1. Find how much the distance from R49 to F115 grows on full extension, using 0.36 nm per residue of separation minus their present alpha carbon separation; answer in nm with one decimal.
2. Could you order the peptides 111-117, 77-83 from most to least packed, using the average number of other C-beta atoms within 10 Å per residue?
3. Quick one: if the Förster radius is 30 Å, what FRET efficiency do D124 and D89 give, using the C-beta to C-beta distance and rounding to 0.05?
4. Filter the chymotrypsin sites (Phe, Trp or Tyr not before Pro) in region 1-67 down to the DSSP loop ones having no more than 13 other Cβ atoms within 10 Å, then list what survives.
5. Which of rounded, prolate or oblate describes region 9-88 when judged by the alpha-carbon gyration tensor and an a/c cut-off of 1.5?
6. What lysines could a cross-link reach from K114, if we take a straight Cα to Cα line under 20 Å and drop same-chain neighbours fewer than 8 places away?
7. Could you tell me which of rounded, prolate or oblate describes the chain, using a ≥ b ≥ c as the square roots of the eigenvalues of the alpha-carbon gyration tensor, with rounded for a/c under 1.5 and, failing that, prolate when a/b is larger than b/c and oblate otherwise?
8. Could you list the residues of region 37-59 with an amide nitrogen less than 11 Å from a label point located 7 Å from the Cα of K24 in the Cα-to-C-beta direction?
Amino acid sequence: MLNTPVVIGGFGGSGTRVVARIVKEGRFFMGPNLNESEDAMEFVEFYDRWVNRYLLRRQVPFYKEENDLMNADFRECVSRHHREIGVEDADWGWKNPGSIHVLPFIHRQFPDLKFIQVVRDGRDMAFSTNDVQLRRHGAALLRPALLN
C-alpha cells in the first residue's frame, strides 16, 4: 500500500522547482528520473497526452473507454515512478506544474493527497515571456480570438 503522495503543481515559471527541492530535503522520494526543472519524467507523457482532453471533458464528455485508458495510464505512471523507492511506506510524491490541470482526477486516485500549489505574483507571470502554458493548453481553454 502506497503512502499518500505529496504533489507539487502550479504554472510553469511559478517556482515549483524550489518547492520540490525543499520537499526532497525533507526526505521525500520525488523520483529518480527528473529533468532540469525537477519534473518527474514518468508523468510528462501522461500530462502531454491527457491534460487538454481532460480540460475539454465538460464540452465533450469522456467515453468510458477514455476514462478507463486515462486511469490505466496514470496507474502505470505511478508504478514506474514509485518502482525505485526502495521502502514501501516511504514518504513520496512528484512535481510537475501540469498537475494543477488534472487535480480533481489525481484527487480521485489519492483522496488523502497533499497538494502544494505554488502561486507566483501575477505581475511576474503577466510580464514574463514564458508562454508555454498558453501554447500547450490555450486552445483547450480559450476562444480562438483570445489566442491571437
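Read the figures in this text as sums done on the coordinates, not as results from a lab. Not measured: the values here are computed from a predicted model. Cβ: placed from backbone, ideal geometry, glycine included. Neighbour counts: every protein chain shown.
1. Numbers: separation 66, 0.36 × 66 = 23.76 nm, distance 2.16 nm.
Stretched out fully, the R49 to F115 stretch lengthens by 21.6 nm.
2. 77-83, 111-117
3. Working: r = 39 Å, r/R0 = 1.29.
With a Förster radius of 30 Å, E is 0.20.
4. Values: sites: F11, F28, F29, F43, F46, Y47, W50, Y54, F62, Y63; in loops: F11, F28, F62, Y63.
Answer by residue number: Y63.
5. Working: a/c = 2.97, a/b = 1.55, b/c = 1.91.
Because a/c hits 1.5 or more and a/b fails to exceed b/c, region 9-88 counts as oblate.
6. Here the lysines satisfying the reach criterion relative to K114 are K24, K95.
7. Details: a/c = 2.20, a/b = 1.23, b/c = 1.80.
Oblate is the answer for the chain, as a/c is 1.5 or above yet b/c matches or exceeds a/b.
8. 37-40
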